[in-house]
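The block underneath contains the structure these notes are about, expressed in structure tokens.
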Amino acid sequence: MTFDDLFISIDPLLIVFYRISDNPAAGFFFGTFIVSLFCVLIGEITSSMVYRLNRSYYQELAQETIRMGDLSISALRFFKDKKKYRAFNKEANDAFGKYFFSQIALGASALWPIPFALGWMQTRFVEVSFFVPLINRTVSYMAVFILWYILIWKIKGMMQKDLKIQG
């Protein structure tokens, strides 16, 4: 299956949201909102699955970082041994690096739907642009998608934060 085949197969599912309104501009903004929402939801589900599958590994990396950091501080503070401090600190830095980049990969796992959505949108809306008086420029479908995506992502984050505080 090529990307064109994929875009053709999902087209009837997505274009429905663009045709809800009789006003083409309203339909475009609403449809793009829904596509952005789908991307956030699919990305969040993917990221959650990746986290659940690798949770013990992430915890192990975090614990190793803390353990080696504590050992390096102890080596310097209690034993005044710079050689041991450097050795433990190097191990702590290595563990932190693994943890740090695993978290970047986890975050990136939420973004994979975006290129597919933009690829589909390009087949439909490559000619569509909007003039934005505030910046005195025209923007494409991509700018509208990205703005919706960021807004939805921020709202999702605020909702999650509120739920954690309440729960």
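Selection within segment 89-146: residues that are closer than 19 Å to Arg19 by Cα and among the charged types (D, E, K, R). The member of this set that is surrounded by the most Cβ atoms within 10 Å (Cβ to Cβ) is Arg124.
Residues considered: Glu91, Glu44. Of these, the only one that is of a type in the set (Asp, Glu), assigned to a helix (DSSP H, G or I) and over 30 Å from Leu151 (Cα atoms) is Glu91. The residues on offer are Val132, Val144, Val126, Val139, and the sole one that is in contact with a strand residue (DSSP E or B) (Cβ under 9 Å, 6 or more places away or on another chain) and over 30 Å from Ile8 (Cβ atoms) is Val132.
Considering segment 18-41 alone, what residues qualify as being farther than 16 Å from Phe116 by Cβ and either hydroxyl-bearing (Ser, Thr, Tyr) or surrounded by fewer than 18 Cβ atoms within 10 Å (Cβ to Cβ) (or both)? Even if it seems obvious, please write down each step before you answer.
Filtering segment 18-41 down to residues farther than 16 Å from Phe116 by Cβ leaves 18-30, 33.
Passing the criteria: Tyr18, Arg19, Ile20, Ser21, Asp22, Asn23, Pro24, Ala25, Ala26, Gly27, Phe29, Phe30.
Every residue, every condition in (1) in a helix (DSSP H, G or I); (2) under 23 Å from Gln160 (Cβ atoms); (3) modelled with pLDDT under 90, yes or no:
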position: Ser48; (1), (2), (3): yes, yes, no
position: Tyr58; (1), (2), (3): yes, yes, no
position: Ala62; (1), (2), (3): yes, yes, no
position: Ile66; (1), (2), (3): yes, no, no
position: Ile73; (1), (2), (3): yes, no, yes
position: Leu76; (1), (2), (3): yes, no, yes
position: Phe79; (1), (2), (3): no, no, yes
position: Phe96; (1), (2), (3): yes, no, no
position: Ser102; (1), (2), (3): yes, yes, no
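Filter segment 104-117 down to residues that are among the aromatic types (Phe, Trp, Tyr) and assigned to a helix (DSSP H, G or I), then give me how many there are. So the count comes out to 1. Annotation note: Cβ proximity below 8 Å between a residue of segment 142-157 that is within 15 Å of Val132 (Cα to Cα) and part of a helix (DSSP H, G or I) and a residue that is of a type in the set (D, E, K, R) and modelled with pLDDT of 95 or more (sequence gap 6+ or interchain) occurs for no pair. Given the condition of a type in the set (Ser, Thr, Tyr), closer than 30 Å to Ser140 by Cα and free of Cβ contacts under 8 Å to residues at least 60 places away in the same chain, answer yes or no: does some residue in segment 40-55 qualify? Within segment 40-55, not a single residue is of a type in the set (Ser, Thr, Tyr), closer than 30 Å to Ser140 by Cα and free of Cβ contacts under 8 Å to residues at least 60 places away in the same chain.
The values are calculated or read from the model by the stated rules, or taken from the named source; none is laboratory data. The structure displayed is predicted, hence computed values, not measured ones. Note that we place each Cβ from the backbone using ideal geometry, even for glycine, and neighbour counts take in every protein chain shown.
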